[in-house]
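Below is one structure, written out as structure tokens, with a few remarks after it.
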Amino acid sequence: MKVNVSKGTIGSIDTDALVVNLFEGVKKPAGATGTVDRLLDGVISQLIQEGEITGKKNETTLIHTLNKMPASRVMVVGLGAKSKFTTDVLRQVIGTAARRLRSVNVKRVASIAHGAGIGGMESTISAQTIAEGALLGLYKFDKYKTLLKNRLSIDELAIVEQDDSKIKQLKEGVNKGQIVAEATNFARDLGNEPANILTPTELANRAERMAKEVGLEYESLDRKQMEKLGMGALLAVAAGSNRPPKFIILKHIGDPKNEGNNLALCGKGITFDSGGISIKPAEGMGAMKGDMAGGASVIGAMMAIAQIKPKINVMGIVPATENMSGGSAFHPGDVVRTMLGKTFEIISTDAEGRMVLADALAYAVEHKQKRLVDVATLTGAASVALGNLAAAIMGNDQSLIDQVIGAGENAGERFWQLPMWEEYREQIVSDIADIKNSGSGRAAGTIAGGYFIQEFAGGVPWVHLDIAALARTDHEKGYIVKGHTGFPVRTLVRLAENLANVK
Ligand code: BES
Ligand code: ZN
Ligand code: ZN
């Protein structure tokens, strides 16, 4: 779908469907909705009176205009209560509207810049949010459905504006929204792809191809190079699989003379997590094809960052491997030496995410990274704690934690901080090695995971995002569709933008 901005008035725009809006409880439509209401002889007012249109969030009402105006349909979307209106509400509503319009075979959609009027939103933000909502909401992963004959799709979405002075801002917003949404959908594709296709090598290949297209530096390390660097933790996890591991590195050089401001994004890249010798139950194991969602979000964020070009150096690192139980697999009870030289004891081979991240963080620190953010589907316990409403966030630097939470608020992605009280460290104390890879019980499992990873941040400001509960979903809602969500690509991109230009 192409998204663009077109100059015109509500009454003159020629399209299959024009999207206008209503806040909850408004009885007399104003602005663009009021104009449409007049052109259609008061039908919107009448539907409000009859109770069919209420303005409730995500409500969509499709009205055929029967030649009373050039647009052949008008869709009135409910924005919910005005006092609760946010960019994320708009993103959700547009996602819902776009899917409904696609389902009735609409090809050309026009939309006003919702929120930019009485909603009080900047034009750039409104346009970015509309582009994001539509492109994310229309995402589908159906490439393996060979029997599907009639794939419906919207060809064009135009944001209509009559005021010349706003066109430039709207275009900027559309451009950024498109970049961010396409990068999120790229991450979603990686997450949804089955593990027989998306091996560590294939993940690296796709990252490389993308890097060439958008202008990122790309490098990948193979098993031999990992051995040379002493990445014993990553190699232990990789030992049980015949599919070779890859250590993927992407670089955006946005401020070469300012290495003190470097930001590293490290994403867990387990292309399939069987649990290894500490094998997982069969039920639901297929979802573990998506255990590289953290890595996918890092690759997606790098794709957007390369195009937005913030003035900051960002390094994306994805340690990629399967976690299998082949004949040479690592065992519970093993002791492993990491790149940093620290040793740890394996309590569970299913606590593999923190292991690959240990070597990734050590690599980042060794390569002059000054801030570290890791993203991982690390613990089932994160969903016990927070459900799927927020990802768990922890770290050793409150200011960086606050930066990430803030970027998330702006992006419509929620994070909730868990404590890192030093008593929790007891969970990872080992009798025979420096530390161990899992606590003894189930209590505070998410924090234990964070504590383990912290040991490899080398005192550099570091933040850990446990996205286990948010990486995928079974429910369609707003701009979120079934399957992988691409969480938290939007946050990572905004974080890089917000941290740019710091001396
Ligand atoms: N990949 C899993 C965590 C996970 C679970 C992600 C469910 C998404 C949905 C991770 O590698 C794992 O197995 N974690 C263990 C940790 C434990 C062994 C300390 C867990 O959560 O049980
Ligand atoms: Zn695991
Ligand atoms: Zn895992």
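Summed over the stretch 282-311, the residues that are over 14 Å from the mean Cα position of the chain (by Cα), small (Gly, Ala, Ser) and within 16 Å of ligand 2 (Cβ to nearest atom) give a count of 4. Candidates in the stretch 257-281 are the residues that are part of a loop (DSSP other than H, G, I, E, B), farther than 24 Å from ALA236 by Cβ and more than 25 Å from the chain's Cα centre (by Cα); of these, the one that is nearest to ligand 1 (Cβ to nearest atom) is ASN258.
Considered as a group, the residues in the stretch 282-294 that are in a helix (DSSP H, G or I) and in contact with a helix residue (DSSP H, G or I) (Cβ under 7 Å, 6 or more places away or on another chain) include one that is surrounded by the most Cβ atoms within 10 Å (Cβ to Cβ), and that residue is ALA293. Residues that are part of a helix (DSSP H, G or I) and touching a His at 6+ places or on another chain (Cβ under 6 Å) within the stretch 432-473 comprise GLY450, ILE453, listed in sequence order.
The set of residues in the stretch 230-248 being in contact with a Phe, Trp or Tyr (Cβ under 7 Å, 6 or more places away or on another chain) and either modelled with pLDDT under 95 or surrounded by fewer than 24 Cβ atoms within 10 Å (Cβ to Cβ) (or both) consists of ALA239, GLY240. Those strands (runs of 3 or more DSSP E) of the stretch 312-357 in which 1 or more residues are in contact with a helix residue (DSSP H, G or I) (Cβ under 7 Å, 6 or more places away or on another chain) and either within 13 Å of ligand 2 (Cβ to nearest atom) or in contact (Cβ under 8 Å) with a residue 60 or more places away in the chain (or both) occupy 313-323, 335-337.
The values are calculated or read from the model by the stated rules, or taken from the named source; none is laboratory data. Predicted model, so just to flag it, every value in this text is computed and none were measured. No Cβ is skipped: glycine too gets one built from the backbone with ideal geometry, and neighbour counts run over all protein chains shown.
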